Amino acid sequence: MAKAAFQALVAEQKILNRIYPIRGQKVMLDRDLAEMYGVATKVFNQSVKRNLDRFPKDFMFTLTTKEFDNLRSQFVTSSWGGTRYLPMAFTEQGVAMLSSILNSKTAIEVNIRIIRVFTRLREYALTHKDILLQLAQLEKELKGNKRDIDNIFTVLKELIEQQQTAKPRNKIGFKSYHEGKE
């Protein structure tokens, strides 16, 4: 059982590594999806192009040259090779729609894994959104109190300086007879 759980975790990590933020969305590229489905990118793209009516712009879009260059520059070693066409990027909904055009058993299993990873990412983002909002509120409150905090530190510095430069004072009070004879 532990081996199966480990394999599932590795598969999920491979999927996570292939999700990119582009145009404010989390997407996967055609070449990565084709590799995961076990088909050539050309075959994958032909299937998508035969069913373009299933992929509106919020499901799938083609990267611009600038987006592609930015994405390619993120990788130290280039495994992109010489591509003739700009890659297609699929959102979570686009990946879900792929299951309707790719019917192999592998495609179905991979699709289920990908959708689960996208769902976990969304849940993670929602959970951490609350924390980010609280941090923003705290930062706002701290900025409002900055002057007060600066004043406190100024007074503390003055007190420390006064204490360091203060002359020793004579003791006040009753002196015992033996106190002065030592």
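Suppose R0 equals 22 Å. What FRET efficiency, 1/(1 + (r/R0)^6) with r the Cβ-Cβ distance, do Glu158 and Leu138 give to the nearest 0.05?
Taking R0 as 22 Å, the efficiency between Glu158 and Leu138 is 0.15.
Of Gly94, Asn70, Val43, which is farthest on the positive side of the dipole of the range 2-132, counting Cα position, with +1 on Lys and Arg Cβ, -1 on Asp and Glu Cβ, and the Cα centre as origin?
Result: Val43.
Would you mind getting me the FRET efficiency between Arg84 and Lys129? Use the beta-carbon distance for r and R0 = 45 Å, nearest 0.05.
On the way: r = 40 Å, r/R0 = 0.90.
Using R0 = 45 Å, I get an efficiency of 0.65.
Can you flag which of Lys42/Lys66; Lys14/Lys105; Lys14/Lys129; Lys26/Lys129; Lys49/Lys129; Lys42/Lys105 are past 27 Å Cα-Cα?
Violating the 27 Å limit, Cα to Cα: Lys49/Lys129.
Once you have the Cα-Cα distance between Asn103 and Glu12, take 0.36 nm times their residue separation minus that, and quote the gain in nm to one decimal.
30.6 nm
By how many nm would the segment from Ile172 to Glu35 lengthen if fully extended, with 0.36 nm per residue of separation less the alpha-carbon distance?
Numbers: separation 137, 0.36 × 137 = 49.32 nm, distance 8.88 nm.
Value of the extension gain: 40.4 nm.
Each value in this text was obtained by applying a stated rule to the coordinates, not by laboratory testing. As the structure is a computational prediction, the values presented were derived from the model and not from experiment. Because the Cβ atoms are built from the backbone with ideal geometry, glycine has one as well, and the counts that use them run over all protein chains shown.
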